[in-house]
Amino acid sequence: MTVSTPLMTALGGNDTLARKLAMVLFGSVLVGMSAQVSVPMYPVPMTLQTLAISLIGLTYGARLAGVTLAAYLAQAAAGLPFFAGGASGVVYLFGPTGGFLFGFVAMAWLTGWLVERGLSRGFGRLFLAAFIPALLLFIPGVLWVWIITPLDLNAAIMGGAVPFQLGGVVKSAVAALIVTGAWAAFKARWS
């Protein structure tokens, strides 16, 4: 399988620890800020986090994207108001959204992995690299809701997955458009 270069690697610069730490910090703050754009719903609010996570995965690659989301969870668990509605703390990780929150790390990693495996260029490929992990996020998310709430599996699916499908398509498309535009700007600048 061909290995492709994520956008942030292609942008160049030296690949120093300081650059990677800055990217992780920027990405984790971006996810925390996107959590504040939320529509309260039960049992899971609708936020812009998956858009931010898709952007991070599409541009950082697997390892750095996964580390960024792990850092986001650690920062929010430590007290930064990075969860939806400005919430924070370890206890929040074990509420109804816990499956989604832990799944964010896998979503970011898988998005980056797909980019590294050839889905790094062109709207269609980038859309798939964003949409597949976003869709798979519902597996841990819904299972967690089902286990820790009084909802049965069908109700957990109806409350934790169904209302988010159209938004998932739109967010994946927006992320793919942004990164496609960034690649075009990069090519225009350096050609």
From the P(r) of the stretch 74-130, could you give the percentage of C-alpha pairs in the tail past 16 Å?
53 percent
Tell me, what are the semi-axes, in whole angstrom and largest first, of the equivalent ellipsoid of the stretch 8-95 as set by the roots of 5 times the Cα gyration tensor eigenvalues?
26, 14, 9
Subtracting the Cα-Cα distance of SER88 and ASP15 from 0.36 nm times their residue separation yields 23.1 nm
Counting pairs of alpha carbon atoms under 8 Å apart in space and at least six apart in sequence, what relative contact order in percent does the chain give?
25 percent
Computed Rg/Rh for the stretch 135-191 (Cα atoms; Rh = Kirkwood radius) stands at 1.31
What do the square roots of 5 times the Cα gyration tensor eigenvalues come to for the chain, in whole Å, largest first, as semi-axes of the equivalent ellipsoid?
29, 19, 13
Long-range amide H contacts for MET46: which residues qualify at under 5 Å (H placed 1.01 Å from N, peptide plane, sequence gap of 5 or more or a different chain)?
VAL39, MET41
In whole Hz and in residue order, list the ³J(HN,Hα) couplings for the stretch 98-104 that follow from phi through the Karplus curve 6.51 cos²θ - 1.76 cosθ + 1.60, θ = phi - 60°; x for Gly and Pro.
x, x, 5, 4, 5, x, 4
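Readers should treat all values here as calculations from the given coordinates under stated rules, not as data from a laboratory. Values in this document were obtained by computation on a predicted structure and should not be read as measured data.
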